[in-house]
Amino acid sequence: MNEVAVCHCSQCKRAQGTPFVTNAPIELEKFTFTNGSSSLKTFFSSPNKKRVFCGNCGSPLYSQRTDMPETIRLRLGTVTEGHIPVPNYEIYCESKSGWFSTNTERPNYEQNKA
């Protein structure tokens with residue numbers, strides 16, 4: 001993982017059922033499932049974005065934009081092995097929960113990273 005983001009947007013909060021989500025953009029060609037791919041389900045949360053989740057347990061796995069099909073945004077809460085790096089930045093901070101303190105030592109963007 002070269003990049004890790006904390007996202008505070010309302011779509012992510014609603015989709016994950018949490019006040020923010022931590023994800024990493026990954027090139028689709030570098031990502032594979034070792035098992036369970038037959039259980040994947042897809043939901044389009046907006047015309048341009050699909051969310052992929054486990055049809056057995058409901059865990060959100062990744063999202064993918066139709067205008068950027070070569071990249072997925074892996075939900076890092078699903079990673080159970082290896083090292084997850086510290087997030088590089090936070091996006092959609094204008095939508096963050098009022099009680100959540102943004103880390104001021106890393107870049108924060110009111111909306112998406114430019």
Cα centroids of the stretch 35-65 and the stretch 76-114: how far apart, whole angstrom?
21 Å
Which order do you get for VAL79, VAL52 if you rank them by accessible area with a 1.4 Å probe, largest at the top?
VAL79, VAL52
Using a 1.4 Å probe, how large is the accessible area of PHE43, given in Å² and rounded to the nearest 10?
120 Å²
Accessible surface, the chain, averaged per residue in Å² (probe 1.4 Å)
63 Å²
Using helices alone, what [θ] at 222 nm do you get for the chain, with -39,500 (n - 2.57) per DSSP H run of 4 or more residues, divided over all residues and rounded to the nearest 500?
-1500 deg cm²/dmol
Top to bottom by accessible area (1.4 Å), largest first, where do LYS41, LYS50 land?
LYS41, LYS50
Please list the non-local residues whose amide H lies under 5 Å from the amide H of TYR89, H modeled 1.01 Å from N, same-chain partners needing a gap of 5 or more.
VAL4, VAL6
Reach of LYS30 by Cα under 28 Å, taken over lysines that are not fewer than 8 positions away in the same chain:
LYS13, LYS41, LYS49, LYS50, LYS113
Rounded to the nearest 20 debye, what is the charge dipole size of the chain about its Cα centre when +1 sits on each Lys and Arg Cβ and -1 on each Asp and Glu Cβ?
420 debye
Run the accessible area of the chain with a 1.4 Å probe and give the carbon-and-sulfur part as a rounded percent.
50 percent
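The values are calculated or read from the model by the stated rules, or taken from the named source; none is laboratory data. Only a predicted model underlies this, so the values are computations on that prediction, with no experimental measurement involved. Virtual Cβ from ideal backbone geometry, glycine too; neighbours counted across all protein chains shown. Each accessible area value is taken on the protein alone, full model and side chains, heavy atoms only, with ligands, DNA and RNA left out. Shrake-Rupley method; radii C 1.70, N 1.55, O 1.52, S 1.80 Å.
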